[in-house]
1. Counting other beta carbons within 10 Å of each residue's own, what order do 105, 20 fall into, fewest first?
2. For an R0 of 41 angstrom, estimate the FRET efficiency from the Cβ-Cβ distance between residue 87 and residue 32 and round to the nearest 0.05.
3. Give me, ordered by chain and number, the residues 5 or more places off residue 49 or on other chains with an amide H under 5 Å from its own placed amide H.
4. How much mean residue ellipticity at 222 nm does the chain get from its helices, if each DSSP H run of length 4 or more adds -39500 (n - 2.57) and you divide by all residues, to the nearest 500 deg cm²/dmol?
5. Taking neighbour Cβ counts within 10 Å as the exposure measure, how do 24, 104 sort from fewest upward?
6. Under 17 Å from a point 7 Å along the Cα-to-Cβ line of residue 100: which residues of region 1-44 have their amide N that close?
7. Just one of (1) 1.07; (2) 1.26; (3) 1.01 is Cα Rg over 2.2 N^0.38 Å as worked out from the coordinates here. Which one is it?
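Each value in this text was obtained by applying a stated rule to the coordinates, not by laboratory testing. Predicted model, so just to flag it, every value in this text is computed and none were measured. Here Cβ is always computed from backbone atoms with ideal geometry, including for glycine, and neighbour counts include all displayed protein chains.
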Amino acid sequence: MPIIKLEALKEGMIVSGDVRNLDHMLLIPAGCPLSGRQISILSSWGITEIPVEAGPGAEDPADLLQRLAPEKLEEITGEMTALFWEAPDANPVQQEVFNLVLRHRAAQALP
């Protein structure tokens, strides 16, 4: 369940967990598709990010890496591997961090 920043939210994305304000008041229930009005409401309540499912307007992480040219993906993967003390697949937490950074860098590299 990816957590998406408010600026990246799009109408039609499906909320994967209840969104509540600081007083625990329910703003948007899980399973609800986002509308433009709801995104504005989130902004007015100071919500900066929410959990969403992959859906209309949501970027599929696997698709993101497939859209990148193979040589660029290899270059980014090499750069990221050099930043880790040991192989990224040494433990599950390190592998997940590596994958998150890789997807982030891939998103930056796409036009």
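1. Going from sparsest to densest Cβ surroundings: 20, 105.
2. 0.50
3. For residue 49, the qualifying residues are 6.
4. On the way: 4 runs with 48 residues, N = 111.
Helices in the chain give a 222 nm mean residue ellipticity of -13500 deg cm²/dmol.
5. 24, 104
6. Taking a point 7 Å out along Cα→Cβ of residue 100, the residues of region 1-44 whose backbone N falls under 17 Å are 1-6.
7. Correct label, based on the coordinates given: (2).
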